[in-house]
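The values are calculated or read from the model by the stated rules, or taken from the named source; none is laboratory data. Note that this is a predicted model, so its numbers are computed, not measured. Ideal geometry is used to build each Cβ from the backbone, glycine not excepted, and the neighbour counts take in all protein chains shown.
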Amino acid sequence: MHDNYLCSAEPTVADLFCYADVAFAEICAFDLNRWTNIRGWGDKVTSLKGFKAPFELLAMENAEFSQSCRSIDFIGKMVNVTPS
């Protein structure tokens with residue numbers, strides 16, 4: 001890392017873009033605490049003025065997940081998928 005952020009001492013779009021992966025990992029209950037550099041960097045990103053987590057910005061923020069979910073098949077049309 002370059003001091004505090006990924007590309008420089010100041011936050012860039014790279015930090016915001018890459019934080020989406022961290023947010024997704026957290027939603028999936030993936031424990032990132034064993035990687036202290038990632039945890040520290042993520043804490044810096046989330047403390048930026050005006051920061052909103054990626055999923056807070058989506059209209060479906062409070063949507064509930066059911067046993068069925070939607071997925072896009074290889075030709076791009078929506079299909080129903082039921083997890084096993």
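Worth pointing out:
- Filtered residues of the stretch 7-17 (kept if in contact with a helix residue (DSSP H, G or I) (Cβ under 9 Å, 6 or more places away or on another chain), within 15 Å of residue 47 (Cα to Cα) and either at pLDDT below 90 or not acidic (Asp, Glu) (or both)): 11, 16
- Residues that are modelled with pLDDT under 70 and β-branched (Val, Ile, Thr) were ranked within the stretch 37-78; the one that is farthest from residue 22 (Cα to Cα) is 75.
- Residue count, the stretch 1-34 (criterion: over 20 Å from residue 54 (Cα atoms) and among the hydrophobic types (A, V, I, L, M, F, W, C)): 3
- Among (1) in contact with a Lys or Arg (Cβ under 8 Å, 6 or more places away or on another chain); (2) at pLDDT below 75; (3) surrounded by 10 or more Cβ atoms within 10 Å (Cβ to Cβ), the one test that residue 32 misses: (2)
- Counted residues, the stretch 2-20 - those being in a helix (DSSP H, G or I) and loosely packed, with under 12 Cβ neighbours inside 10 Å: 2
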